[in-house]
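Colleague: Just dropping this structure here.
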Amino acid sequence: MNQKKNKIKNIIKKLFPIISLLAAYLVTLMPDSEYHVKANRFKVKIKPYYTYFILILLAIYLFVFTLSFFIKKVNEVLIYKAAFYAGAVLVINIINLVISKYALLPVMAFPTLDRVFSVFILDKKLLIECITESLKLLVIGFVIGGGLGFITGLLIGFNKKASYWLNPFIKVIGPIPATSWSPLLLSLFTKSYYASVFMVALAVWFPVTLMTSSGIANVKNSYFEVASTLGASKFYKIFKVGVPAAMPSIFLGLFYATCGSFVALISAELFGNSAGIGWYISYTKDTGLYANVYAGLIILALICYLVITLVFRLKDRILVWQKGVIKW
C-alpha cells in the first residue's frame with residue numbers, strides 16, 4: 001500500500017514541470033503591455049521566439065517523462081530534479097509577467113522575452129563569431145597561464161632556492177587583480193589582443209602556482225623517502241610521487257583559475273577588441289540594444305557553466321577516489 005502511495009506521489013512530482021510549462025505557455029498567449037508596443041520605435045514585428053522555447057522545453061520534458069517509466073536512472077533523476085525544474089520555469093514565468101505583460105520595469109532597459117530570444121536567431125552569425133573569439137582567447141590564455149603556473153608551482157614546491165626568490169614576488173604580485181594591469185599592458189603590447197591574452201594568463205597563473213606549490217608542500221615526506229629507498233630518480237619522485245599526490249590541490253587551483261579567467265576575459269575584451277562576448281555586451285549596451293545585452297549575458301553564463309563543469313568532470317575522471325568530494 002505504501003509502495004503504491006509513493007509511486008503515485010512520485011508521478012505527481014514529475015508532473016510539476018509540465019504544469020509549470022503549461023502555465024508559462026498560457027501566459028505567452030496574453031498580449032504584451034502597450035508600453036512595449038509604443039517603445040518599438042521601428043515597428044519591427046518579432047516572432048514569438050520565447051513561446052517556441054517554452055514549447056520545445058515542454059516537448060523535451062514530455063519525452064523524458066515518458067522515458068522515466070522505462071528507465072530507472074531517468075526516473076530517479078526526474079523525481080529528484082522535478083521540483084527544481086518547475087521552480088525554474090515558474091521564475092521565468094514571473095519575469096515574463098513582470099517585464100513583458102505588465103511592464104512593471106522600464107521598458108527600454110527591460111525588453112520582452114520574445115525580443116531577447118529573437119537575438120539568438122537574428123544575430124546568430126555575430127554571436128557565433130564572438131563565442132569563437134572568446135573561447136579562443138580563453139583557451140590560449142588558460143594554457144599559457146596554467147602551464148607557467150604549474151612550472152612555477154613545481155619550482156617553489158621542490159626547489160628551496162626557487163622558493164626563496166619566487167615566493168616574495170608571488171605574494172606581492174599574485175593577489176593584485178589581473179584587470180588592474182590593463183593600463184600598463186596596453187602600453188607594453190602593440191596589439192590589444194596580446195594584452196588580453198596576457199591578462200587572462202596572469203589571472204590563471206597565480207591560483208595554479210599557489211595551489212600547486214601548496215599541494216606539493218603538503219605531500220608527506222614518507223612518500224619521497226620510500227621512493228628514494230627503492231632507488232627512484234628525482235624526475236620520478238617529482239612526476240610519479242609529488243604531482244599525483246598534489247593533484248587535489250592542483251585541480252582546486254584550476255577551479256579558482258577558471259573563475260578568475262572569465263573575469264579577466266570579459267574585462268580584456270573591452271580594451272579595443274572587435275569581437276568576443278565581453279565586447280558584444282559592451283557594444284550593445286552602448287547602442288541601447290538591451291535585448292542583445294541580456295542574450296550575451298545568457299550565453300556568457302552558459303559558457304561559464306559548461307567550462308567549470310568540464311573541469312570538474314576531468315577532476316572526477318582523474319581523481320576517481322575523490323569523486324563527489326567537491327561537487328559542482
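Colleague: Being open to solvent by 70 Å² or more (accessible area, probe 1.4 Å) and in contact with a helix residue (DSSP H, G or I) (Cβ under 8 Å, 6 or more places away or on another chain) is the filter here; which residues of the range 62-82 pass it?
Modeller: Answer for the range 62-82, where residues must be open to solvent by 70 Å² or more (accessible area, probe 1.4 Å) and in contact with a helix residue (DSSP H, G or I) (Cβ under 8 Å, 6 or more places away or on another chain): 62, 69.
Colleague: Restricting to the range 299-324, count the residues that are in contact (Cβ under 8 Å) with a residue 24 or more places away in the chain and closer than 17 Å to residue 134 by Cα.
Modeller: Final tally of qualifying residues: 6.
Colleague: Same structure again: Would you please name the residue that is most open to solvent (accessible area, probe 1.4 Å), looking only at residues in the range 162-213 that are of a type in the set (Phe, Trp, Tyr) and more than 18 Å from residue 258 (Cα to Cα)? Walk me through how you get there before you give the answer.
Modeller: If we filter the range 162-213 for residues that are of a type in the set (Phe, Trp, Tyr), which is where we start, we get 164-165, 169, 181, 189, 193-194, 198, 205-206.
Filter once more, so that each one left must be more than 18 Å from residue 258 (Cα to Cα): 164-165, 169, 181, 189, 193-194.
Numbers: 164: 157, 165: 184, 169: 110, 181: 61, 189: 63, 193: 65, 194: 112 Å².
Across the range 162-213, the extreme among qualifying residues is 165.
Colleague: To continue, here is another question. Could you tell me which residue of the range 277-318 is nearest to the chain's Cα centre (by Cα), considering only residues that are charged (D, E, K, R) and open to solvent by 70 Å² or more (accessible area, probe 1.4 Å)?
Modeller: Of all residues in the range 277-318, those charged (D, E, K, R) come to 285-286, 313, 315-317.
Filter again for open to solvent by 70 Å² or more (accessible area, probe 1.4 Å), leaving 285-286, 313, 317.
On the way: 285: 22, 286: 25, 313: 13, 317: 19 Å.
Within the range 277-318, the match that is nearest to the chain's Cα centre (by Cα) is 313.
Colleague: Still on this structure: Please give the number of the condition residue 132 fails out of (1) closer than 30 Å to residue 46 by Cβ; (2) open to solvent by less than 30 Å² (accessible area, probe 1.4 Å); (3) assigned to a helix (DSSP H, G or I).
Modeller: It fails just one condition, (2).
Colleague: Still on this structure: Give all pairs with beta carbons closer than 6 Å in which a residue from the range 228-242 that is on the phi < 0 side of the Ramachandran plot meets a residue that is in a loop (DSSP other than H, G, I, E, B); count only pairs at least 6 apart in sequence or on separate chains.
Modeller: The qualifying pairs are 242/219.
Colleague: I'm checking my understanding of the structure. Among residues of the range 84-121 that are within 30 Å of residue 7 (Cα to Cα) and open to solvent by 70 Å² or more (accessible area, probe 1.4 Å), which one is farthest from the chain's Cα centre (by Cα)? Please lay out each step first, then the result.
Modeller: Residues of the range 84-121 within 30 Å of residue 7 (Cα to Cα): 84-93.
Narrowing the set further to residues that are open to solvent by 70 Å² or more (accessible area, probe 1.4 Å) leaves 84-85, 90-91.
Values: 84: 20, 85: 19, 90: 23, 91: 21 Å.
Applying the filter and picking the extreme gives 90.
Colleague: Determine which member of the set 288, 296 is modelled with pLDDT of 85 or more, more than 24 Å from residue 135 (Cα to Cα) and out of contact with any Asp or Glu (no Cβ under 8 Å at 6 or more places or on another chain). Reasoning before the result, please.
Modeller: On the way: 296 fails: more than 24 Å from residue 135 (Cα to Cα).
On inspection, the qualifying residue turns out to be 288.
Colleague: For the range 61-78, what are the residues that are in contact (Cβ under 8 Å) with a residue 60 or more places away in the chain and either farther than 13 Å from residue 18 by Cα or of a type in the set (Gly, Ala, Ser) (or both)? Please lay out each step first, then the result.
Modeller: Our first condition is that a residue be in contact (Cβ under 8 Å) with a residue 60 or more places away in the chain; within the range 61-78, this holds for 75, 78.
Matches in the range 61-78: 75 only.
Colleague: Checking residue 176 against (1) part of a helix (DSSP H, G or I); (2) within 27 Å of the chain's Cα centre (by Cα): exactly one of these is not met. Which one?
Modeller: Tallying (1) part of a helix (DSSP H, G or I); (2) within 27 Å of the chain's Cα centre (by Cα), residue 176 fails exactly one: (1).
Colleague: Just need a number here: residues in the range 152-161 that are open to solvent by 20 Å² or more (accessible area, probe 1.4 Å) and small (Gly, Ala, Ser).
Modeller: 1
The values are calculated or read from the model by the stated rules, or taken from the named source; none is laboratory data. Every value quoted in this text rests on a predicted model; they were computed, and no experiment measured them. In this analysis, Cβ positions are derived from the backbone assuming ideal geometry, glycine residues included, and neighbour counts consider all displayed protein chains. The area values use the complete protein model at the heavy-atom level, side chains included, leaving out ligands, DNA and RNA. Shrake-Rupley method; radii C 1.70, N 1.55, O 1.52, S 1.80 Å.
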